[in-house]
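To start, the structure itself, in structure tokens.
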Amino acid sequence: MEIRTIGIDLAKDVFELHGVDGKGRVVLQRRLTRKRLLECLAKLPACLVGMEACGSAHYWARAISQLGHEVRLMSPQFTRAYLRGNKNDANDAAAICEAVSRPSMRFVPVKKQPQQDIAALHRVRAQLTKSRTALANQIRGLLGEYGIAVVRGIDRLRRALPVILEDEANGLSGMFRETLAEMAERLQWLDERCQRYERRMELVFRQDEGAKCLGQIEGVGPLIATALVAAVGNAREFKSGRELAAWLGLVPRQHSSGGRRVLLGISKRGDRYLRTLMIHGARAALRVAQRKSDPRSGWTSRIKLRRGPNVAAVALANKNARVMWALLVRGDNYRTLAAA
């Protein structure tokens, strides 16, 4: 039995396989449990294996590659066009098998385990930050019900909580004062946890040469550098810096027809977390750009005056993405242009 291409529909416990030969004839249709998947693939000759880039896909890609197969991951939205008939596991596997053999298909780079380790740090920190923001908003809202208004900003809330708890003339009852003290302790605990993960990322940043090189760019710090390294690795899967910027959703979204070219806002594709970090980093760089005289700062300042700070921040994030691609692919050090 000759098998050239296999499509695998991933799940938690049950996996559907669909294999074809060199002429596209179906030669394999099988449903396997989680324990038998690698055992079955180990008995097959080396072939092209396609999967959707979903949960656990990177783990299975690494495990199947060790068996000698060539594994390619695809975005689920690109395999949907090849689905025939109703949606079920068997038809999904057939669509994946058809999509992976297309020469024009775009593939997702397989993450190595160190990349996933760094990505896990970022995901946990993001969840802690989200919980901390929700808790701070709840504290501020509850205090408002008692006639106590706290100025916006989590730092101001931290400073105000001890004062509010010690003030016996603010009319707070003993029950609510006890509840507020517990919430303040929980807010402090979340602060300590966030700082702990940030210190871990700082350690990863200092140990990774590629991340340290990216950190030299204005508007790129340890968070952005480590997040990009975790997401793209060495960036060689992208043909150009613009392709990386498009993957991050930092390029205009097109809605063109009939020869009329229409460019709307940014596409917002790809990793929202990484795109958010890059835009916030660009905003930080914009705040000090007007005090500098180098060509890069002058370019960002002109865009800010002409189009506003939001457009300028996205434009700078786009430029930073292209620069980071060049540094990762070529292995160069970042070189700033001298002031004019």
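The values are calculated or read from the model by the stated rules, or taken from the named source; none is laboratory data. The structure presented is a predicted model; accordingly, all values stated were derived computationally and were not measured. Glycine gets a Cβ as well: all are built from the backbone with ideal geometry, and neighbour counts include every protein chain shown.
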Right, R159: of a type in the set (K, R) and not in a helix (DSSP H, G or I) or not?
no
If we keep just the residues of the stretch 287-313 that are assigned to a helix (DSSP H, G or I) and touching a helix residue (DSSP H, G or I) at 6+ places or on another chain (Cβ under 6 Å), which is farthest from P252 (Cα to Cα)?
A289
Specify the residue that is nearest to Q188 (Cα to Cα); the eligible residues are those in the stretch 133-175 that are surrounded by 12 or more Cβ atoms within 10 Å (Cβ to Cβ) and touching a Phe, Trp or Tyr at 6+ places or on another chain (Cβ under 9 Å).
L142
Log entry, pairs with first residue in the stretch 78-96 being at positive phi, second being surrounded by 16 or more Cβ atoms within 10 Å (Cβ to Cβ) and part of a helix (DSSP H, G or I), beta carbons closer than 7 Å, six or more apart or on different chains, reads G85/N91
Have a look at R72, R102, R84, R123 and point out the one that is part of a helix (DSSP H, G or I) and not assigned by TED's automatic domain parsing to the domain that holds R272.
R123
Report the residue count in the stretch 220-254 for those that are of a type in the set (K, R) and assigned to a helix (DSSP H, G or I).
1
Could you identify the single residue in L228, L263, L244, L248 that is without any contact (Cβ under 8 Å) to a residue 24 or more places away in the chain and of a type in the set (A, V, I, L, M, F, W, C)?
L263
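Every residue, every condition in (1) within 14 Å of V323 (Cα to Cα); (2) surrounded by 14 or more Cβ atoms within 10 Å (Cβ to Cβ), yes or no:
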site	(1), (2)
I217	yes, yes
I224	yes, yes
K239	yes, no
E243	yes, yes
L263	no, no
K268	no, no
Given the conditions (1) aliphatic (A, V, I, L, M); (2) outside any strand (DSSP E or B); (3) touching a strand residue (DSSP E or B) at 6+ places or on another chain (Cβ under 8 Å), and given that L38 satisfies all but one, which numbered condition is not satisfied?
(3)
State the number of residues belonging to the stretch 62-71 that are surrounded by fewer than 20 Cβ atoms within 10 Å (Cβ to Cβ) and closer than 17 Å to I3 by Cβ.
5
Given the criterion within 15 Å of A225 (Cα to Cα) and either in the same structural domain as G233 (by TED's automatic domain parsing) or not polar (S, T, N, Q) (or both), identify the matching residue among T276, T300.
T276
